[in-house]
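Working notes for the structure below.
None of the figures in this text is laboratory data; all of them are computed from the coordinates on show. A quick note: this is a predicted structure, and the numbers were derived from the prediction, not measured. Counting neighbours? That spans all protein chains shown, and the Cβs are built from the backbone with ideal geometry, glycine included.
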């Protein structure tokens with residue numbers, strides 16, 4: 001969480017660079033409920049949301065539903081069922097049970113809503129010792145576990161690593177400018193050079 | 001949980017003793033979702049349930065709703081918002097924050113759905129030390145906390161007391177027969193005699 | 001329920017018809033990954049399976065315990081031991097909405113007070129008038145949605161002509177409704193009951209008619225006895241087989257489990 | 001944002017207009033029990049309130065932390081410290097559905113890139129064409145439902161004629177829509193924005209017209225300045241007051257909090 005100022009996204013939307021984007025925009029509450037519906041095997045979710053906003057005019061995926069008891073109109077959003085859900089968690093055991101804690105957000109729903117799932121973890125342990133606030137995803141709803149220590153970087157993994165705030169700040173500079181960004185893509189992503197943001 | 005054979009309930013339904021009952025019957029999934037809707041400030045909940053059962057013919061409170069995206073018909077149940085919700089939990093701190101763990105069922109939803117709530121606890125502690133599987137209800141959603149050690153008897157409180165299975169068995173005998181039950185009411189509940197089921 | 005009778009296999013100790021039922025039910029969980037377990041007979045059989053041929057079987061109880069590993073028979077779906085031994089404990093709304101409803105659980109394991117030729121289950125009322133029943137039963141519990149949403153359903157129930165009827169007085173949980181196509185029409189996504197295991201034998205739905213047909217008789221039980229204990233014209237499969245008698249290991253483990261019932 | 005100016009009160013140290021804004025916003029949380037906090041300016045003000053006059057203020061962040069007690073400014077709504085210090089951490093669906101939606105949270109504390117005379121908030125696009133905006137803003141986040149469902153809303157935003165407009169280009173979060181009665185018509189159950197706190201002063205909605213009216217000017221700011229920084233004909237309350245300058249304690253605590261931003 002905390003993805004910064006989204007310079008590249010904003011450039012793509014306003015100037016179509018490097019190409020135009022197709023957008024479907026929701027509120028966080030709406031998105032969370034789309035995952036809930038997806039995880040629940042329901043085709044849609046009901047919420048008090050979007051009422052009076054211009055978001056409803058920009059997508060077919062915000063509609064209304066009438067309560068069959070009170071007649072009240074509420075917002076409806078369609079279930080989200082991704083082909084693949086990818087999340088990062090703290091650890092897994094050798095059977096593939098996954099344990100995560102801290103702010104788990106909508107991660108359980110994302111896995112349960114997806115046809116298949118990949119969970120990257122900080123480490124694999126012999127036994128998932130129970131701990132406060134921990135959520136366990138049983139192995140039988142996780143398709144693959146991959147060991148990727150630091151897989152949340154530059155964000156953090158509670159109990160394993162802190163947020164790399166300097167990276168976010170350096171990234172903001174890189175992301176702000178098309179040339180700097182393109183150079184970063186070429187050098188770091190394509191040619192594998194050391195990430196200048198990391199050394200910040 | 002585990003309430004036995006419900007002799008008194010069944011006698012009331014089949015023979016109207018000691019008086020006729022008005023029943024509204026739901027499945028567990030339906031009831032759970034009624035509490036969810038109640039806790040969520042929604043007038044109803046949607047589920048895949050009740051389809052093809054005779055339960056739908058016995059109450060006005062099972063209806064259907066059509067998905068505004070797929071056209072699929074689903075079951076709808078109205079929110080449940082009790083005047084007062086009463087649950088038993090393991091402990092509270094002096095500020096009235098409540099902590100419970102083990103099988104918490106639908107207890108959080110029952111409290112959040114109710115206009116007011118009473119939580120009986122095994123004990124009050126200075127600090128609610130975090131523990132695996134624990135759920136905390138913040139003080140600001142709990143109206144009253146009452147210290148009632150053993151308040152779940154003859155059921156159990158995880159970490160505090162075991163299920164009193166002998167009591168359940170003795171109770172089954174008491175509950176089976178109107179006279180025995182009436183005597184139990186008179187002696188134990190009204191006159192405060194020792195509970196014969198407890199001494200079993 | 002009925003008295004113990006000696007197995008025809010001389011090397012097997014005597015066993016009761018209830019024991020045969022639990023053993024046969026436990027075998028129905030061969031190669032099953034996940035099982036949604038009702039309390040009572042289904043719980044006994046599921047735990048027997050886990051303690052014998054299916055150590056990796058994931059038991060799901062509607063109290064919210066995923067992957068419970070009880071070493072004794074739980075006293076209720078809320079037994080604390082289920083939470084203590086589970087891989088994960090979730091709330092009751094979550095177990096129904098995130099786990100049962102989307103069809104994640106392969107087998108639903110249900111009991112029945114009354115069941116009909118289309119495997120519809122009644123656990124609500126006996127008698128024609130809901131408001132004034134002859135017998136009031138405990139009610140629906142989690143069964144309607146288990147019967148609707150599990151991959152398929154296995155029913156465990158003692159057989160009698162009062163319990164195995166042509167048409168249940170009240171449909172609490174849908175089997176095949178009034179016949180072929182009804183589940184699809186009702187939007188029920190699981191395949192429905194694929195096996196009904198009794199103290200006399202095993203029934204399975206006919207693929208065409210969806211009607212329950214006897215496919216196995218337990219050792220020592222005659223077709224006559226099974227038909228007498230059924231209120232409809234019970235058909236028998238062309239290849240009607242005899243259930244394998246309980247093995248010594250199955251009986252030993254079952255009795256050890258049953259003995260835990262009185263231990264607390 | 002603008003340069004520091006000396007307070008008219010001689011015994012108070014110099015403070016910036018941003019500091020005045022955060023202090024004024026923190027005071028808006030007097031006697032408030034629970035506050036749903038957006039990141040940025042609202043988070044600074046809410047934490048300042050908790051560190052000064054409102055130690056018991058319950059901070060709710062949409063990441064799912066109830067009663068977080070950060071001792072520095074969180075870097076994002078997902079900052080691990082929020083979970084570490086919270087009374088309870090719940091999932092994101094739960095924070096929206098069980099906590100925000102039923103109106104349990106007294107005050108919603110929001111920022112705004114653009115806001116109009118009826119306190120509608122735009123954080124989506126600047127420009128008339130959604131598909132081809134002049135400026136793309138970060139988007140809705142949790143704001144639409146915070147604005148809808150909290151008991152009431154307090155907005156914190158730097159004032160300028162580009163930001164404080166007659167009509168927002170896009171309604172991301174509803175204030176009073178097009179005027180009186182609109183919230184009720186839309187089924188929005190919270191009372192909506194009751195205070196908009198800027199670096200120049202404080203606006204409140206007129207009870208009849210729902211239009212934002214200036215009720216306070218911060219020390220040293222003139223009505224002229226406030227009107228220049230507003231794109232509509234900004235009305236002023238008959239009893240237009242001057243905000244109390246930041247106290248020494250407020251400034252000290254605020255600066256200590258702000259200093260924590262660079263610490264990690």
- Enumerate the whole-percent occupancy of each 10 Å bin, from 0 to the last occupied one, for all C-alpha pair distances of the protein assembly as shown. 2, 10, 19, 22, 18, 13, 8, 5, 2, 1, 0
- Item | FRET efficiency for residue B:144 and residue B:95, using Cβ-Cβ distance with R0 set to 22 Å, rounded to 0.05 | 0.95
- Query: Given the protein assembly as shown, what percent of its DSSP beta bridges are antiparallel, to the nearest 5?
  - Reply: 50
- Task: Find the centroid of the Cα atoms in region C:90-165 and in region A:1-75, then give the distance between the two in whole Å.
- Result: 38
- Using a basic spin-label model with each label point 7 Å from the Cα along Cα→Cβ, how many nm lie between residue D:71 and residue B:64? 6.0
- Message: Residue by residue through A:191-198, how many Cβ atoms from other chains fall within 10 Å of the Cβ on average?
- Response: 0
- Copy-to-copy label separations for residue D:233, where each label sits 7 Å from Cα toward Cβ, in nm and ascending: 9.1
- Over the alpha-carbon set of region A:40-115, divide Rg by the Kirkwood Rh and report the Rg/Rh ratio to two decimals. 1.11
- Task: Take every Cα pair under 8 Å in chain D that's 6+ residues apart, average their separations, divide by the length, and report that relative contact order as a whole percent.
- Result: 20
- Note on the structure: Most exposed to least, judged by fewest other Cβ atoms within 10 Å, B:189, D:37, D:58 sort to B:189, D:58, D:37
- Query: What distance in nm separates the simple spin-label points at residue B:182 and residue C:178, each placed 7 Å from Cα in the Cβ direction?
  - Reply: 4.6
- Relative contact order, percent, of region D:137-264 when contacts are C-alpha pairs under 8 Å separated by at least 6 residues? 24
- In terms of the alpha carbon gyration tensor, root eigenvalues a ≥ b ≥ c, rounded if a/c is under 1.5 and otherwise prolate when a/b exceeds b/c or oblate, region A:100-155 is rounded
- Query: Shortest first, in nm, what separates the label point of residue D:56 from those of the same position in the other copies (7 Å along Cα→Cβ)?
  - Reply: 5.6
- Item | region B:117-160 versus region D:204-264: alpha-carbon centroid distance in Å | 44
- What does the average come to when, for each residue of peptide C:65-77, you count the partner chain Cβ atoms lying within 10 Å of its Cβ? 3
- Item | DSSP bridge pairs, chain C: antiparallel proportion in percent, nearest 5 | 45
- Item | Per-residue mean of C-beta atoms belonging to partner chains within 10 Å, peptide C:16-29 | 0
- Item | Residue exposure sequence - D:50, C:189, D:185 - by fewest surrounding Cβ within 10 Å | D:185, C:189, D:50
- Message: Run lengths n ≥ 4 of DSSP H only: what is the helix-derived mean residue ellipticity at 222 nm for the protein assembly as shown, with -39500 (n - 2.57) per run over all residues, to the nearest 500?
- Response: -6500 deg cm²/dmol
- Query: If you put a point 7 Å past Cα along the Cβ direction, how far is that point for residue B:173 from the same point in each other copy, in nm, smallest first?
  - Reply: 8.3
- Query: What is the Å³ per residue value for the convex hull set by the Cα atoms of chain C?
  - Reply: 131
- Assuming R0 = 25 Å, can you tell me the calculated FRET efficiency for the pair residue D:249 and residue B:84, based on Cβ-Cβ distance, to the nearest 0.05? 0.05
- Evaluate the distance, in nm, between pseudo-label points positioned 7 Å from the Cα of residue A:189 and of residue C:14 along their respective Cα→Cβ axes. 7.8
